[in-house]
Amino acid sequence: MRGFALLAAAMLGCSGLAAAVSAQEPPRTLPAPPDATTAAAVRAGVDAWSAGNYEAAVKAWQAPAAKGDADALFNLGQAYKLGRGVDKDLAKAEGYYGKAARLGHISASDNYGILLFQTNRQQAAMPWLQSAADRGEPRAMYVLGIASYNGDYAPKDWVRAYALITRAAAAGLPQATGSLATMNQTIPLAQRQMGVSLANELDQKAAEARGRELAAADLGSNVPAAPASKAPPGAIETVDLPPSTPAEPVASYLPPPMEPAPQPKPAPPKPAPAKPAPPKPAPVRVAAPAPAPMSSSGTYRIQLGAFGVKTNADALWTRVRGRPELSGHARQDIPGTVTRLLATGYSQDGANRACAALKAGGLACLVVAP
């Protein structure tokens, strides 16, 4: 994002807000670059704010905001949210956030989605939250992860829920860490392993998305740009202002009490052993033909798990490599945030049959297409 951007603060307990603008899909266009006068006014506001002269900063940003400058709009939203230089007014803050968000301002988009969700407009918030989560915004990933776990506002998907909460926890969000501990007790191991693998894929996609947005900003393309550590040529310097309160995610949106995992029913008592019958001549049995070995050539693979510690992957391979579904198939490790353990050389049907047999044996398995 070009120019000046204030530090995004989480929207805390703001019930009863009236939206100043209607919620829509996240934008896909950027405004024209500011002229020299607009850029100078925004910079003057930055300097005034840094000096503690908040009223002068607000006054400096009003004209650029009226012209549609996204940074000025977002800065006014922050001023009204924090109550600096103006009376605190969350409704006006939301209005400025919404306008800046529709002009492609990344931090405004993130705050706007969180604010919509916290003021009981969850369905309107979901597109904004999804866009923020795709960029790796921790609060948005946390909210979407809980929604996917509970099955409200999003389809129930424990694999995706575990992936999103894992990513939010890795970003240092305390609420996500607590929720992840709960999910570790309630989500089956196989789904958690697939969730860790999905988290790695989402991290890679988020990095690619941020790279595309940064490149688009440098080229002036009509795609919202991610914040960059270095401003594009001709842009003003980015200055961060601290929020009035520590940033928090949606503290009120936590997982409900979860039912414990069902316990296996006790086995019925074994009947008393019958008296042995007199031995009969053993019948002559015709040996059944051995099953045809699975082909070890093909482009399909099966994933046996994703592990934060590689030695755990080694231990699992040692335990299962002698199974007929894996015999003759080469091992493949894909490193990353986690180590993905795969077996290679399957046809599509062979991979499906191998996975079905492994799952029947209590092992996790996922078919990976070429």
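Which pairs turn up if I take residues in the range 175-199 that are touching a residue at least 40 places away in the same chain (Cβ under 8 Å) and in the same structural domain as residue 137 (by TED's automatic domain parsing) and look for partners that are assigned to a helix (DSSP H, G or I) and surrounded by fewer than 14 Cβ atoms within 10 Å (Cβ to Cβ) with beta carbon separation below 9 Å, at least 6 apart in sequence or on another chain?
Correct list of pairs: 190/359.
Applying the selection to the range 351-370, what residues are touching a residue at least 24 places away in the same chain (Cβ under 8 Å) and farther than 14 Å from residue 323 by Cβ?
Matches in the range 351-370: 351, 366, 367, 368, 369, 370.
Which of the residues that make up the range 87-132 are outside any helix (DSSP H, G or I), surrounded by fewer than 17 Cβ atoms within 10 Å (Cβ to Cβ) and not acidic (Asp, Glu)?
Within the range 87-132, the subset outside any helix (DSSP H, G or I) is 87-89, 103-105, 119-121.
Of the ones still in play, those that are also surrounded by fewer than 17 Cβ atoms within 10 Å (Cβ to Cβ) are 87-89, 120-121.
Matches in the range 87-132: 88, 120, 121.
Kindly indicate which of 135, 160 is free of Cβ contacts under 8 Å to residues at least 60 places away in the same chain, within 22 Å of residue 210 (Cα to Cα), surrounded by fewer than 24 Cβ atoms within 10 Å (Cβ to Cβ) and of a type outside the set (A, V, I, L, M).
One residue alone meets the criteria, 160.
Could you identify the single residue in 176, 190 that is farther than 23 Å from residue 303 by Cα, modelled with pLDDT of 90 or more and not hydroxyl-bearing (Ser, Thr, Tyr)?
Just a single option satisfies the conditions, and that option is 176.
The values are calculated or read from the model by the stated rules, or taken from the named source; none is laboratory data. Being a predicted model, the structure only gives us computed values, none of them experimental. Methodologically, a virtual Cβ is constructed for each residue, glycine included, from the backbone with ideal geometry; neighbour enumeration extends over all protein chains shown.
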